[in-house]
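The values are calculated or read from the model by the stated rules, or taken from the named source; none is laboratory data. Please read these numbers as outputs of a predicted model, since none were measured by experiment. Every residue, glycine among them, receives a Cβ derived from its backbone with ideal geometry; neighbour counts consider all protein chains shown. The protein model used for the area step is the full one, side chains on, heavy atoms only, and it has no ligands, DNA or RNA in it. Shrake-Rupley method; radii C 1.70, N 1.55, O 1.52, S 1.80 Å.
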Amino acid sequence: MRDPVERFLAEVERELPLPDDRRQEVLEELQGHVADSVARLRSEGTDAVSARAEAVRRMGEPAALARDLAAAQRGGRRVLAAAGAGTWAAIRTALPVTILAWTSIALLALIAGGLVRIARHLLGQEVSLLGSGSLNDVFGALGLNLGAGFAGAAAVRAAARSGWRSPAEVRSAVTIAGTAAVMFFAVAMLETTLTWAVVAALLLVPLSFAVGTRFDRLAPPSISAMLLGTLLLFVAGVGLTAYAGGSSGSSSYSWDQRQAGWQMVAPWWQDPASGQAVDFASGESFSFGPGQIDLTIIADPAVTAGLSGYRVEAWRAVPPQDGWHLVPGQTAPFANAPAAAEQDGVVSGRLRFDRMPAVQWAAIALTAAGPDGQRYLLYASGPTQTEFHGTVLDWFTGLAR
Amino acid sequence: MLRSQLLKGTLPLMILSVIGDGELYGYEIAQRIRERSGSRLAPGEGSLYPALHRLEREGALVGQWRAGSQGPRRRYYRVTPAGVALLEESRAEWAQVTGIVAAVAGSES
């Protein structure tokens, strides 16, 4: 059986959340005290074994003593030190882990792409992989979850070390404060391209941080191990891609806007002179900014006489793989903005159409109100891919509109 | 032996008192308290150290490691001027408390 003095000192050491130098000094002081106590008991006639046991008994319960010793050593500044160290450790851990997770995921996708092409060669038929831009965004958000989990663990370790407390003592505070901060970042600050899957993955980020705080012994692999792993993935990915060769090709589509269902939007405006429906597509000018379109139409003022209230509108469209059309049953555009008509026939407007959750394809139209109050269609575009861009908070605000 | 909870709040006063204007290390302080109380007062010896460290952090004591004539080095504590002021204040408070408790507990009705 282990000596009671050694056992006592080992337990105090294990439970004493102080920096190494201070902990050693405290232990040395306690060790001296117990040695004096044993010597005194021995001089009073107590046998060696009983003297050591009695000296330890007089010191009291080691875990409680360690807690009291740590509390006596730390002042108010330890709280600030713990908060600062925890925050810094969380950031310092989250960044490399997330970046490496993203890199690894990208390289794994490269490997998967190479394997798919090889399978296509071997089997002589189309092999598809569940992969898309949206899936990449989900993987990106999952990388954030990994970073948040490791950040939670690192924050608890650092806050305990700098606050001179045990991990159990700081865990609740780190979990509450850290989860709230991560929630704010993931939901209200981080602007990215969103789909429902990405929103779900981002909502998991605070949870990942909270779970990470429960595993404070969990540390990410060393930087060199992570770099080596990434390098191996890179070599495998590039090698496979080079072996498989070629690209996976791209799809093309054709469209006929007259068949696309624009009649549900408005009737085409007719030239008062000829009585023919007009379409100003030949005079169009598009330019795309981030999530927005600048549309300019050059129209014959004689044809547009009597029109007012010009508007650029975005309507939902279905994916264009097999021909395309507007999503049926729509009664209003999901986004619109006024357009200005100049005297020389130039009509221009700017529309931002990346703020509607879950819309992936849009068709752009220019409409105006006729003399009869009816809205007419002057121009209709082909399908345009769009993605919601903003924060999770924007996403839910958009849904509520 | 007196109840330890009753003694806990008085430990700083006893520590400052037994050190006085000398220099003592932990075990000696515990022994002095035991001797002066006629062995009726024996605070948990471990609890002495959190009290010593708290007094040191508050500036009432200064601790210094010094090699013993025989055996390992010891950490000796001496009372600072701030500690002397705290001792006087604690003594006055203690006298007040004991007076009040005696007046309340000593009355028959």
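Does A:Leu393 fit the bill of being within 22 Å of A:Trp262 (Cβ to Cβ) and of a type outside the set (Ser, Thr, Tyr)?
The answer is no for A:Leu393.
Out of the residues in the stretch B:19-38 meeting the condition of being part of a helix (DSSP H, G or I) and surrounded by fewer than 20 Cβ atoms within 10 Å (Cβ to Cβ), tell me which one is farthest from the other protein chains (Cβ to nearest Cβ). Reasoning before the result, please.
The initial filter retains those residues of the stretch B:19-38 that are part of a helix (DSSP H, G or I), namely B:19, B:26-36.
Of the ones still in play, those that are also surrounded by fewer than 20 Cβ atoms within 10 Å (Cβ to Cβ) are B:28, B:31-32, B:34-36.
Numbers: B:Glu28: 8, B:Gln31: 8, B:Arg32: 13, B:Arg34: 11, B:Glu35: 12, B:Arg36: 17 Å.
Going through the qualifying residues, I end up with B:Arg36.
Within the stretch B:18-37, track down each residue that is at pLDDT 90 or above and acidic (Asp, Glu).
Listed by number, the residues that qualify are B:Glu23, B:Glu28.
Please work out which residue is farthest from the other protein chains (Cβ to nearest Cβ), limiting yourself to the stretch B:39-98 and to residues that are open to solvent by less than 40 Å² (accessible area, probe 1.4 Å), among the small types (Gly, Ala, Ser) and assigned to a helix (DSSP H, G or I).
B:Ser90
Does A:Arg171 fit the bill of being free of Cβ contacts under 8 Å to residues at least 60 places away in the same chain, buried (at least 17 other Cβ atoms within 10 Å of the Cβ) and either touching a strand residue (DSSP E or B) at 6+ places or on another chain (Cβ under 7 Å) or within 23 Å of A:Gly76 (Cα to Cα) (or both)?
yes
Need a quick list: helices (runs of 4 or more DSSP H) entirely within the stretch A:1-98 having at least 2 residues that are in contact (Cβ under 8 Å) with a residue 24 or more places away in the chain, surrounded by 19 or more Cβ atoms within 10 Å (Cβ to Cβ) and within 47 Å of the chain's Cα centre (by Cα).
Answer list for the stretch A:1-98: A:4-15, A:62-73.
Go through (1) modelled with pLDDT under 80; (2) open to solvent by less than 90 Å² (accessible area, probe 1.4 Å) for A:Leu227 and report which single condition fails.
It is condition (2) that A:Leu227 fails.
State all residues of the stretch A:1-44 that are under 24 Å from B:Glu56 (Cα atoms), in contact with a helix residue (DSSP H, G or I) (Cβ under 9 Å, 6 or more places away or on another chain), within 12 Å of another protein chain (Cβ to nearest Cβ) and charged (D, E, K, R); if no residue qualifies, say none.
Passing the criteria: A:Arg22, A:Glu29, A:Asp36.
Go through the residues of the stretch A:269-276 one by one and say whether even a single one is touching a strand residue (DSSP E or B) at 6+ places or on another chain (Cβ under 6 Å) and either open to solvent by less than 70 Å² (accessible area, probe 1.4 Å) or at pLDDT below 75 (or both).
The answer is yes, given that some residue of the stretch A:269-276 is touching a strand residue (DSSP E or B) at 6+ places or on another chain (Cβ under 6 Å) and either open to solvent by less than 70 Å² (accessible area, probe 1.4 Å) or at pLDDT below 75 (or both).
Considering only the stretch A:307-341, how many residues are at pLDDT 85 or above and either part of a strand (DSSP E or B) or more than 21 Å from A:Ala260 (Cβ to Cβ) (or both)?
19
What is the one condition in (1) touching a Ser or Thr at 6+ places or on another chain (Cβ under 6 Å); (2) among the small types (Gly, Ala, Ser); (3) surrounded by fewer than 20 Cβ atoms within 10 Å (Cβ to Cβ) that A:Gly345 does not satisfy?
Looking at each condition in turn, A:Gly345 falls short on (1).
State whether the residues of the stretch A:385-393 include one that is farther than 19 Å from A:Leu307 by Cβ, free of Cβ contacts under 8 Å to residues at least 12 places away in the same chain and in a loop (DSSP other than H, G, I, E, B).
No, that holds for no residue.
Please give the number of the condition A:Asp216 fails out of (1) more than 18 Å from A:Gly140 (Cα to Cα); (2) surrounded by fewer than 18 Cβ atoms within 10 Å (Cβ to Cβ).
All conditions are met except number (2).
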